[in-house]
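Working notes, beginning with the structure itself.
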Amino acid sequence: MTSNPVRHFIDIEGMNSSDIKDILATAHSIKKARASKRRSDLLQDQTLAMIFDKPSTRTRVSFDVGMRELGGEPLMLTGQEMQLGRGETIADTAKVLSRFVDAIMIRMLDHEAVSELAKNATVPVINALTYYSHPCQIMADIMTYEEHRGSLDGKIVTWVGDYNNVLVSWLHAAEHFDFTIRVAVPKELMTGMDEIKRLQDKGLKIELCETADKAAKDSDLIITDTWVSMGDDDADRRHNLLKPYQVNTRLMELAKEDALFMHCLPAHRGEEVSDEVMDGPQSVVFDEAENRLHAQKGVLAWCFHKTNMDMA
Ligand code: CP
Ligand code: NVA
């Protein structure tokens, strides 16, 4: 009997579109089933090590609760409490953890280190945010859009604000869905031109816009994120450059009438987004946060080769 290949969830770029769609279908059906029955035994007797080298509210709680609801066990670890914080290599850590647990979820800024962990682990590794990307977030975002408005195909998705990890995973999503993504980032903070050119060369529909207003016009979805991500140390400069990129009522009015607003959270109200938009009728930010739970159950199910199962 041949065993299933180890499935890592590091970036959605390069994954099979059919796998992305399986994860989302599983997430939707798990969410539906949960309305009447919270617990299942999909991942019974499986343990997920969760390594947090950086703070988290949503990712930590949603993976922890999600693992329990699927019948498995979460194991919370922080980088500083582990020997990793005292110089044990990431490769050795991967090999040791693989002897104890059935999957590893990690939040660490160094993307190369997370890839190195996956290379050396014999169990699935899930990227729970690096400085480069945040793929779990985007699965929840797509799920949320689908719930509210159906397919993303043919839509205009607009990113306004900083160039960061959440944007990169949204750009990667354009490989799997037929949407156009507009990007309005101040040129001084546009650190990802090479990445964008590389993805445009692959045929992804990415449009760079000079202003937030141009980007927002007739959009189906407006997304922003904090102006200062974990690992950034130039907060004052960023605040000055990003002031014209706030998502407020005036900007939302340029988009389509039924456009949605998303933010991965935590939000800095009055900075990248106004209270009116955060709390307004177009905002789906709390559905988006809740969907981290369901989308990540879909990711876990995929990692364990358990998508396409009856979730009822
Ligand atoms: N959106 C997100 O990843 O939130 P946390 O940092 O709270 O996990
Ligand atoms: N871009 C943000 C996302 C937080 C969930 C950061 O990296 O801090």
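The values are calculated or read from the model by the stated rules, or taken from the named source; none is laboratory data. Since this is a predicted model, take the numbers as computed values, not measurements. FYI the Cβ positions are ideal-geometry reconstructions off the backbone, even for glycines, and counts take in every protein chain you see.
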Exercise for the section: Six or more apart or on different chains, Cβ under 7 Å: which pairs go from a residue in the range 210-235 that's away from ligand 2 (no atom under 16 Å from the Cβ) to one that's of a type in the set (S, T, N, Q) and modelled with pLDDT of 95 or more? Could you list them? Expected result: Ala215/Thr158; Ala216/Thr158; Ser219/Thr158; Leu221/Thr158; Ile222/Thr158
Problem - Considering residues of the range 132-171 that are among the hydroxyl-bearing types (Ser, Thr, Tyr) and farther than 22 Å from Thr93 by Cβ only, the residue farthest from ligand 2 (Cβ to nearest atom) - result: Ser151
Exercise for the section: Go through the residues of the range 264-281 one by one and say whether even a single one is assigned to a loop (DSSP other than H, G, I, E, B), closer than 19 Å to Ile126 by Cβ, within 16 Å of ligand 2 (Cβ to nearest atom) and of a type outside the set (Phe, Trp, Tyr). Expected result: yes
Exercise for the section: Could you grab me the full set of residues in the range 111-131 that are within 13 Å of ligand 2 (Cβ to nearest atom) and not in a helix (DSSP H, G or I)? Expected result: Asn127, Ala128, Leu129, Thr130, Tyr131
Exercise for the section: Mind counting the residues in the range 224-236 that are in contact with a helix residue (DSSP H, G or I) (Cβ under 7 Å, 6 or more places away or on another chain) and within 10 Å of Trp159 (Cα to Cα)? Expected result: 1
Practice task
Filter the range 59-87 for residues that are surrounded by fewer than 21 Cβ atoms within 10 Å (Cβ to Cβ), within 16 Å of ligand 1 (Cβ to nearest atom) and either at pLDDT below 95 or assigned to a helix (DSSP H, G or I) (or both) and give the result.
Solution key: Arg60, Val61, Asp64, Val65, Thr78, Gly79
Completion exercise
With the first residue restricted to the range 163-174 and required to be more than 20 Å from Asn16 (Cα to Cα) and modelled with pLDDT of 95 or more, and the second required to be more than 16 Å from ligand 1 (Cβ to nearest atom) and part of a helix (DSSP H, G or I), Cβ contacts under 6 Å at 6 or more apart or on different chains are Tyr163/Leu189
Exercise for the section: Would you list the helices (runs of 4 or more DSSP H) that sit entirely within the range 146-235 and hold 1 or more residues that are closer than 18 Å to Glu288 by Cα and either away from ligand 1 (no atom under 16 Å from the Cβ) or in contact with a Leu (Cβ under 8 Å, 6 or more places away or on another chain) (or both)? Expected result: 165-173
Exercise for the section: Return a yes/no flag: does the range 24-45 have any residue that is under 17 Å from Ala103 (Cβ atoms), in contact with a strand residue (DSSP E or B) (Cβ under 6 Å, 6 or more places away or on another chain), more than 16 Å from ligand 1 (Cβ to nearest atom) and not in a helix (DSSP H, G or I). Expected result: no
Completion exercise
If we keep only residues of the range 20-58 that are of a type in the set (Asp, Glu) and surrounded by fewer than 16 Cβ atoms within 10 Å (Cβ to Cβ), then the residue farthest from Thr122 (Cα to Cα) is Asp41
Fill in the blank from the handout: Screening Arg238, Arg292 for residues that are of a type outside the set (Gly, Ala, Ser), within 16 Å of ligand 1 (Cβ to nearest atom), in contact (Cβ under 8 Å) with a residue 60 or more places away in the chain and not in a loop (DSSP other than H, G, I, E, B) leaves only Arg292
Practice task
Looking only at the range 101-108, decide whether some residue is out of contact with any helix residue (DSSP H, G or I) (no Cβ under 7 Å at 6 or more places or on another chain), surrounded by fewer than 17 Cβ atoms within 10 Å (Cβ to Cβ) and either modelled with pLDDT of 95 or more or assigned to a loop (DSSP other than H, G, I, E, B) (or both).
Solution key: no
Handout entry: Filtered residues of the range 246-257 (kept if surrounded by fewer than 22 Cβ atoms within 10 Å (Cβ to Cβ) and touching an Asp or Glu at 6+ places or on another chain (Cβ under 8 Å))
Key = Gln246, Asn248, Thr249, Leu254, Lys256
Exercise for the section: Could you tell me whether any residue of the range 103-118 is farther than 19 Å from Gln282 by Cα and of a type in the set (S, T, N, Q)? Expected result: yes
Problem - Qualifying positions in the range 150-172 - of a type in the set (Val, Ile, Thr), under 12 Å from His263 (Cβ atoms) and touching a strand residue (DSSP E or B) at 6+ places or on another chain (Cβ under 6 Å) - result: Val160
Practice task
Collect the residues in the range 109-137 that are among the polar types (S, T, N, Q) and surrounded by fewer than 20 Cβ atoms within 10 Å (Cβ to Cβ), keeping them in residue-number order.
Solution key: Ser115, Asn120, Thr122
